[in-house]
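Student: Have a look at this one.
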Amino acid sequence: MADKTIKSADRVAEEIIEWAEGHGLETAFDRAERLHPCPIGHSGACCKICFMGPCRLVGPDAEEKAAGVCGATLPVVSARNFLRMVAAGTAAHSDHARDMAFTLLEAATGEAPDFKIKDEVKLRKLAGILDIPTDGKTKEIIAKEVAEKIISQFGQQKGELAFIRRAPKKRQEVWRKWGLVPRGIDREVAEAMHRTNMGVDQDPENLMMAALKVSLADGWGGCMFSTDITDILFGTPRPRRSQASIGIMKEDEVNVVVHGHEPTLAEMVVEAAQEKEMLDYAKQKGAKGINLVGMCCTANEVLMRHGIPTAGGFLNQELAVMTGLAEAVMVDVQCIMPAIAQAAKKFHTKIITTSHKGKMIDAVHVQYDEHRAKEVARQVLRLAIDNFANRTAEGSRVHETTPVIAGFSHEYIDYMQGGRFRASFRPLNDAIMAGRIRGVAGIVGCNNPRIAQDSIHDYLAEEFIKNDVLVVSTGCGAAACAKAGFMTPETALEKAGPGLREVCEAIGIPPILHLGACVDNSRILTVATHMVNEGGLGDDISDLPAVGIAPEWMSEKALAIGCYFVASGMYVIFGSESPVEASETVKHIKRNVWEERVGGKLEFVADPDEILKKSLEHIDKKRDALKLRKYEPGRFGVERKLMSMADRRKLEAIAKPHEIK
Ligand code: NFS
């Protein structure tokens, strides 16, 4: 599988890493080699929640015998650490969602005049889910009421989070039975922080169930709110062709990298970069134009909606600076390495922070303000354009790119299976039932420099499609597949198994679907729910022949996502080591107790072949339980005929993008 001698499976990235090594420049890959993780903290056996410690719970029979100064045992410490990580991940996604909700509110009231409501159909649908009457109301009034309702969900103290009712009925019952229904997002995060404070929750099982509860506030709260509001404001994605790779930087244009997570300012930059005044200014400064390049999840947002090329995921940020071609890297929040400001000192690149929540030494700060968003975007672009003249010959110049098709919102997945009037999940369910598609795998999450970048993402994606498993992808996992060239319909012809290939050809889609940013993992929850509601694949998400995998994870946000998939009934596998490896009790809870109670479980598996084997076994086990036709490559049962490409084109001709359900 992965070549252990390389640092990245992304060929362009590997070339820049080698160039950096040759020029005495350090990257995260070098620091990961130099800094060995502390084995005690790494395995969840270090408690530093009070100042009697930190206590290290190690030694023979640590599980039973080790205790901190207060008497906390290894399972308690380990479960407490885990819950804190999930709460932090939930807080990050949800705070992003809160900003989106305030932008929607101010767009509706006219206080943020640069933002408009682009998808009114989705807005009205959301109002329906939130029990907000829409008859006779303008879209602005509906948007205001929707935004206010969503904002209230953060601080809601009692009752149930509104979107819980979007899950299959049986799933909701499971959550109610185990007391897992979140009340309000902030309440669950605050309670998790309280419970993990010194001397509060000392029961590992109770702590781990709390991790599921807070994660549900993320998946069916923060992430889902964020996805829906972003679609309403900036349009629900539909497939777009673009390019992926750091090689997308242009020699003769002003290169502006938009990096981070919240898409609001990036959207404004996309609009401002097309203004004549900006383009003239760039020309006046000697550039042929302005080249916008995405990075991390901001990249996924602007790729899905505007076809802006992606320079890749998390580990490509320093490398983008090292091309010597980036006039500016604009950042906001999350997954932004402080190292980029240090790398930028050796080049002409300006690192521009834009959020009061995320400042950085040695960066330029331009404060984002939604009330004058477009003007802030122009200010960022002007800084970048002014910097064009400072470009030197320094840098690793590689110009190889890969084509990608991204933009598979759950609405589009619905639509692509039958057009505007017959949109449904029936064809997908039928293909699974007939054994054409063996199952579905979500390959999501980060890169981690302790693993050759993209290597496991790429390996698993390729193996799954070869085995007729449809892959859905988000976050840096999606960037990995995009850079590897797996996200075009041609991939289906070349690499997919015969059944999956037939389905992809019939619909005209790649066998690996780019569903967006990490918050868009909520789209996977929605897709799974649609599949259940369509019928034939059981009556709960836990019945689906599906797995979720984060093979190169590093962020607390990834753990929150993993937990909300588990709580929603999925088998979830994370690569590399477990952050609770030290405690057998905690490992037992997340594998066995969770599975008994919610039907999903979480495992950490370092070996990619083992991940693949376990995933396929799980998919086949679920197929058996559903009494579906046994999967055999190349042998399918009878199913409904899918639409041909010609049929679908006819439908697309009459369905405008904003009309897609
Ligand atoms: Ni997700 Fe996006 Fe990437 Fe990991 Fe970071 S960019 S929110 S956390 S590293 S996938």
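The values are calculated or read from the model by the stated rules, or taken from the named source; none is laboratory data. For clarity, every value in this text was computed on a predicted model and none was experimentally measured. Methodologically, a virtual Cβ is constructed for each residue, glycine included, from the backbone with ideal geometry; neighbour enumeration extends over all protein chains shown. To get the accessible areas, we keep the full protein, side chains included, count just its heavy atoms, and leave off ligands, DNA and RNA. Shrake-Rupley method; radii C 1.70, N 1.55, O 1.52, S 1.80 Å.
Student: With θ set to phi - 60°, apply the Karplus curve 6.51 cos²θ - 1.76 cosθ + 1.60 along the range 335-351 and write out the HN-Hα couplings as whole Hz, x wherever there is a Gly or Pro.
Tutor: Taking θ as phi minus 60°, the curve returns 6, 9, 7, x, 4, 5, 5, 6, 4, 5, 4, 8, 10, 8, 4, 9, 8 Hz for the range 335-351.
Student: Okay, moving on. Which far-off residues, 5 or more places away or on another chain, put their amide H under 5 Å from the one on Asn291, with H placed in the peptide plane?
Tutor: Under 5 Å from the amide H of Asn291 lie the amide H atoms of Val254, Asn255, Val256, each far enough along the sequence or on another chain.
Student: Can you tell me which of 247-257, 172-182 comes out highest on packing, and rank the rest after it, using the mean Cβ neighbours within 10 Å? Don't skip to the answer; put the middle values down first.
Tutor: Numbers: 247-257: 22.4, 172-182: 17.0.
Listed from highest to lowest mean packing, they are 247-257, 172-182.
Student: Please work out the average accessible area per residue across the range 246-390, using the 1.4 Å probe convention, and give it in Å².
Tutor: Values: 4470 Å² over 145 residues.
Accessible area per residue, the range 246-390: 31 Å².
Student: Here is a further query. Name all residues of the range 360-377 having a backbone nitrogen under 11 Å from the label point set 7 Å from the Cα of Asp386 along its Cα→Cβ direction, giving them as ranges.
Tutor: none
Student: Related question: Leaving out ligands and nucleic acids, note down the accessible area per residue over the range 74-234 with a 1.4 angstrom probe, in whole Å². Please report the intermediate quantities before stating the final value.
Tutor: Values: 5560 Å² over 161 residues.
Averaged over the residues of the range 74-234, the accessible area is 35 Å².
Student: For the chain, with only Lys/Arg (+1) and Asp/Glu (-1) charged at the beta-carbon, what is the dipole magnitude about the Cα centre, in debye rounded to 20? Can you show the working numbers first?
Tutor: Details: 85 positive and 91 negative charges, 293 e Å.
Charge dipole of the chain: 1400 debye, to the nearest 20.
Student: Which residues in the range 259-287 place their backbone N less than 16 Å from a point set 7 Å from the Cα of Lys357 along the Cα-to-Cβ direction?
Tutor: 259-266
Student: Could I ask something else about it? Given an 8 Å cut-off on Cα distances and at least 6 residues of separation, report the relative contact order of the chain as a percent.
Tutor: Working: 1475 pairs, mean separation 112.6, N = 661.
It rounds to 17 percent for the chain.
Student: From the phi angles alone, apply the Karplus equation (6.51, -1.76, 1.60; θ = phi - 60°) to the range 301-310 and give each ³J(HN,Hα) in whole Hz, x where the residue is Gly or Pro.
Tutor: In residue order, the calculated couplings are 5, 7, 6, 5, 9, 10, x, 5, x, 9 Hz.
Student: Residue farthest toward the positive end of the dipole of the range 113-257, with Cβ of Lys/Arg at +1 and Asp/Glu at -1: which of Gln153, Leu130, Gly199?
Tutor: Result: Leu130, furthest along the dipole toward the positive end.
Student: Here is a further query. What is the Rg over Rh value, at two decimals, for the range 345-483, using alpha-carbon atoms and the Kirkwood definition of Rh? Kindly include the intermediate steps, with their values, before the conclusion.
Tutor: Working: Rg = 21.6 Å, Rh = 19.5 Å.
Result for the range 345-483 is an Rg/Rh of 1.11.
Student: A follow-up question, please. Do the alpha carbons of any pairs in Lys601/Lys627; Lys357/Lys483; Lys158/Lys213; Lys122/Lys144; Lys285/Lys350; Lys250/Lys345 sit beyond 24 Å of each other, and which pairs? If you can, show how the numbers build up before the last one.
Tutor: Working: Lys601/Lys627 22 Å; Lys357/Lys483 31 Å; Lys158/Lys213 14 Å; Lys122/Lys144 14 Å; Lys285/Lys350 17 Å; Lys250/Lys345 21 Å.
Distance filter (> 24 Å) returns Lys357/Lys483.
Student: By its C-alpha gyration tensor, with a ≥ b ≥ c as the square roots of the eigenvalues, how is the range 502-556 shaped: rounded for a/c under 1.5, else prolate for a/b larger than b/c, else oblate?
Tutor: Details: a/c = 1.98, a/b = 1.18, b/c = 1.68.
Oblate, since a/c reaches 1.5 and b/c is not below a/b.
Student: Take the Cα radius of gyration of the chain and divide it by 2.2 N^0.38 Å, with N its residue count; two decimals is plenty.
Tutor: 0.92
Student: Once you charge only the Cβ atoms, +1 for Lys and Arg and -1 for Asp and Glu, what is the size of the charge dipole of the range 405-625 about its Cα centre, to the nearest 20 debye?
Tutor: On the way: 22 positive and 31 negative charges, 66 e Å.
Its charge dipole is roughly 320 debye.
Student: Let me ask something else. Rounded, prolate or oblate, given the Cα gyration tensor of the range 246-390, with a/c below 1.5 counting as rounded?
Tutor: Rounded shape, in that the Cα axes give a/c under 1.5.
Student: Now for a different question. Round to a whole number: what % of the accessible area of the chain belongs to carbon and sulfur, probe 1.4 Å? Provide the component values of the computation, followed by the final result.
Tutor: Numbers: 12420 of 23700 Å².
The value for the chain is 52 percent carbon and sulfur by accessible area.
Student: Once you keep just the Cα pairs under 8 angstrom separated by 6 or more residues, what percentage relative contact order results for the range 429-553? Display every interim value, and only then the final one.
Tutor: On the way: 234 pairs, mean separation 45.2, N = 125.
Answer for the range 429-553 is 36 percent.
Student: What residues qualify as long-range amide H neighbours of Gln453, i.e. H under 5 Å apart, gap of 5 or more or another chain, H built at 1.01 Å from N?
Tutor: It is Ser8, Ala9, by chain and number.
Student: For the range 463-571, with the dipole built from +1 on Lys and Arg beta-carbon atoms and -1 on Asp and Glu ones, taken about the Cα centre, which of Ala567, Gly508, Thr474 lies farthest toward the positive end?
Tutor: Thr474
Student: Any idea what diffusion coefficient the range 490-631 gets from Stokes-Einstein, in µm²/s, Kirkwood Rh on alpha carbon pairs, 25 °C, 0.890 mPa s?
Tutor: Numbers: Rh = 16.3 Å.
It diffuses with D of about 150 µm²/s by this estimate.
Student: Mind putting a number on the dipole of the range 1-155 about its Cα centre? Charges go on the C-beta only, +1 for Lys and Arg and -1 for Asp and Glu, and I need it in Debye to the nearest 20. If you can, show how the numbers build up before the last one.
Tutor: Numbers: 20 positive and 24 negative charges, 110 e Å.
The dipole of the range 1-155 has a size of about 540 debye.
Student: Hey, can you grab everything whose amide H is under 5 Å from the amide H of Ile351? Only 5+ residues off in sequence or another chain; H modelled, so Pro and N-termini drop out.
Tutor: It is Val329, Val364, by chain and number.
Student: Which ³J(HN,Hα) values, rounded to whole Hz and listed in residue order, are derived for the range 396-408 from phi using the Karplus coefficients 6.51, -1.76 and 1.60 in 6.51 cos²θ - 1.76 cosθ + 1.60 with θ = phi - 60°, glycine and proline given as x?
Tutor: Once rounded to whole Hz, the list reads 9, 9, 10, 10, 8, 10, 10, x, 9, 10, 10, x, 8.
Student: For the range 13-116, what class follows from the C-alpha gyration tensor (a ≥ b ≥ c being the square roots of its eigenvalues): rounded when a/c is under 1.5, otherwise prolate if a/b is larger than b/c, else oblate?
Tutor: Numbers: a/c = 4.10, a/b = 1.33, b/c = 3.09.
It comes out oblate by the Cα gyration axes.
Student: Looking at Asn387, Val366, Met278, which one has the Cα that reaches farthest to the positive end of the dipole of the range 246-390 (charges on Cβ: Lys, Arg +1; Asp, Glu -1)?
Tutor: Asn387
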